[in-house]
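**Q** Below are the structure tokens for one structure; questions will follow.
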Amino acid sequence: MRVGLVGAGGVAQRHARVLTGFEDVELLGVTDVAPQAAEALAGTYGGRAFGDVAELLAAGPDAVYVCVPPFAHGPAEEAVIAAGVPMFVEKPVAVDLETAERIAGLVERRGLRTGVGHHWRYLHVVEEARRLLADRPVRMVNGAWLDKVPPVAWWARRDRSGGPVVEQAAHVLDLVRLLAGEVTEVTAYGDGTPPPVDGADIDSVTAATLRFASGAVGTLAAACVLTWKHRAGLEILADGLALSLAEDGLTIRDADGERHLPADPDAARVAVDRAFVDAVRGAGDDVRVPYAEALRTQRLALAVAESARTGRPVALPTGPAARLTAAVADADAGVSVDA
Ligand SMILES: NC(=O)c1ccc[n+]([C@@H]2O[C@H](COP(=O)([O-])OP(=O)(O)OC[C@H]3O[C@@H](n4cnc5c(N)ncnc54)[C@H](O)[C@@H]3O)[C@@H](O)[C@H]2O)c1
């Protein structure tokens, strides 16, 4: 299988390393708006540096990975979809909802095979958490991503990254949805004070409350004021059960006491690529987050960001009618629109 990459930055290099480690995958090439970045990646992992997406597509890839920063999503996906090529997109799938809804609509119309880089879903401890929660309704979820500002220039700009909730905490929100179901309403506050980084205009800290369709409630905390990654994960409470889930393991406490199951985040990062490759080759069907599923996580992350920005609650669409349609105002409830 010949794979092309759009974007040659940090995450593209990881995918190139993982993919070229598979015996059945060859790197066809890479394109980047910074040609030297594409050349450097091709020099390390093989394949060609292409001038643009059209040139890459003309070389006939079997699949394309779109690994650009949040603000740059849209045109590459449209070209890949028009060419009918299976597509893996890094999270977040866009900086806004309009782009994500548009791409999701095009993917659906074309019936295209897609995958999105929410690799946490491939942690075996996530499967274990689902098993433990199968017969016990979740009462409360507390998610957190407490970290530093990552060393990429676009990250601290709201119009470039979408902010910490959209860019980073989206991994946690994706698991919140998986384990506790859909969120119907969020209320969030940001501190309105950017982290001490040049050009920053994002909130340093955000606190949100979540109301789930099931009746459960939850919180999300996001921070980028540290100089280290402090904690990323979630706590889940059900009757007589407390789960503490992070990328490196799951702690379970119930009537039998406490036990810890370690997890391997690198294995999950390999598994997400393996599952996509297998699906494209027709050798498997374990893509856990296709584009339409990532769109729901994107809606939730943007609802939190919107509420923090406006200071008002934001309602989320739920049920089948919510598929591929923008959120609508619940005027009776007096909540704001997330469209
Ligand atoms: N799933 C994960 O674990 C994970 C890990 C790291 C990053 N990411 C995500 O991947 C995305 C990229 O992050 P990164 O760390 O690689 O960023 P980066 O800044 O290191 O790399 C982005 C690259 O994209 C290029 N680029 C920008 N616009 C482009 C365009 N229109 N066409 C082609 N190339 C373009 C840039 O020149 C740069 O080389 C982010 O959304 C980030 O959240 C996901």
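**Q** If you project the alpha carbons of the chain onto the principal axes, what extent comes out on each, in Å, largest first?
**A** The Cα atoms of the chain stretch 54, 44, 43 Å along the principal axes, largest first.
**Q** Pairs of alpha-carbon atoms within less than 8 angstrom and 6+ residues apart define the contacts here; what relative contact order does the chain have, in percent?
**A** Averaging sequence separation for qualifying contacts and normalising by length gives 17 percent for the chain.
**Q** Right, next: When only DSSP loop residues count, what trypsin sites (Lys or Arg not before Pro) in the range 210-268 have their Cβ near at most 16 other Cβ atoms within 10 Å?
**A** Within the range 210-268, the qualifying trypsin sites (Lys or Arg not before Pro) (loop, at most 16 other Cβ atoms within 10 Å) are 229.
**Q** Okay, next question. Using r as the Cβ-Cβ distance of residue 152 and residue 22, and R0 as 41 Å, what FRET efficiency do you calculate, to the nearest 0.05?
**A** It comes to 0.95.
**Q** What whole-number value in Å² describes the accessible area per residue of the range 1-137 for a 1.4 Å probe? Intermediate values should be presented prior to the final figure.
**A** Numbers: 5490 Å² over 137 residues.
Computed with neighbouring chains in place, this is 40 Å² per residue.
**Q** When ligands, DNA and RNA are left out and all protein chains stay put, how many square angstrom of accessible area per residue does the range 214-317 have with a 1.4 Å probe?
**A** Result: 44 Å² of accessible area for each residue.
**Q** Quick check on the range 136-220: take the gyration tensor over C-alpha atoms, sort the square-rooted eigenvalues as a ≥ b ≥ c, and tell me if it's rounded (a/c under 1.5), prolate or oblate.
**A** It comes out prolate by the Cα gyration axes.
**Q** Moving to a separate point now. Counting helices only, and only those DSSP H runs with n ≥ 4, report the 222 nm mean residue ellipticity of the chain as the sum of -39,500 (n - 2.57) divided by its residues, in deg cm²/dmol to the nearest 500.
**A** After summing the helix terms and dividing by the residues of the chain, the value is -10000 deg cm²/dmol.
**Q** Please compute one quarter of the surface area of the Cα convex hull for the range 176-218 and express it in square nanometres.
**A** 3.7
**Q** Rounded, prolate or oblate: which one fits the range 25-90, using the alpha carbon gyration tensor with axes a ≥ b ≥ c (rounded when a/c is under 1.5, else prolate when a/b beats b/c, else oblate)?
**A** Judged from the Cα gyration tensor, the range 25-90 comes out oblate (a/c at least 1.5, b/c at or above a/b).
**Q** How far apart, in nm, are the 7 Å Cα→Cβ label points at residue 59 and residue 226?
**A** A separation of 4.0 nm, rounded to one decimal place.
**Q** Given a Förster distance of 22 angstrom, what is the FRET efficiency for residue 98 paired with residue 213, based on the Cβ-Cβ distance and rounded to 0.05?
**A** Numbers: r = 25 Å, r/R0 = 1.11.
My answer for the efficiency is 0.35.
**Q** Still on this structure: Sequence-distant or interchain residues sharing an amide H contact under 5 Å with residue 284, placed H: which?
**A** Amide H neighbours of residue 284: 279.
**Q** How far apart, in nanometres, would the label points at residue 255 and residue 34 be if each is projected 7 angstrom from Cα along the Cα-to-Cβ direction?
**A** 5.7
**Q** For the range 124-220, what is the percent of antiparallel DSSP beta bridges, rounded to the nearest 5? It would help to have the intermediate numbers written out before the result.
**A** Working: 11 of 15 bridges.
Here the antiparallel bridges make up roughly 75 percent for the range 124-220.
**Q** Treating only the Cβ atoms of Lys and Arg (+1) and Asp and Glu (-1) as charged, compute the dipole magnitude of the chain about its Cα centre; round to the nearest 20 debye.
**A** For this selection, approximately 140 debye.
**Q** Taking every DSSP beta bridge with both residues inside the chain, roughly what % is antiparallel (nearest 5)?
**A** 60
**Q** Next question. Say the dipole of the chain comes from +1 at the beta carbon of Lys and Arg and -1 at that of Asp and Glu; which of 42, 205, 276 then lies farthest toward its positive end?
**A** The Cα lying farthest towards the positive end belongs to 205.
**Q** Right, another one. What's the carbon and sulfur percent of the chain's accessible surface, probe 1.4 angstrom, rounded to a whole number?
**A** Accessible surface attributable to carbon and sulfur in the chain totals 51 percent.
**Q** Residue 52's amide H: which non-local residues (gap 5+, or another chain) put their own amide H closer than 5 Å, with H modeled 1.01 Å from N in plane and none for Pro or chain starts?
**A** none
**Q** A further question follows. Counting only residues 5 or more places away or on other chains, whose amide H sits under 5 Å from the amide H of residue 249 once H atoms are built in the peptide plane?
**A** Under 5 Å from the amide H of residue 249 lie the amide H atoms of 263, each far enough along the sequence or on another chain.
**Q** Let me make sure I get this right: for the range 226-313, a, b and c are the square roots of the gyration tensor eigenvalues over alpha carbons, sorted descending. Under 1.5 in a/c it's rounded, otherwise prolate if a/b > b/c, else oblate. Which is it?
**A** In terms of gyration-tensor shape, oblate.
The values are calculated or read from the model by the stated rules, or taken from the named source; none is laboratory data. Worth saying up front: this structure is predicted, and the values here are computed from it rather than measured. Cβ sites come from the backbone with ideal geometry, for glycine too, and all protein chains shown count toward neighbours. With ligands, DNA and RNA removed, areas are computed over all heavy atoms of the protein, side chains included. Shrake-Rupley method; radii C 1.70, N 1.55, O 1.52, S 1.80 Å.
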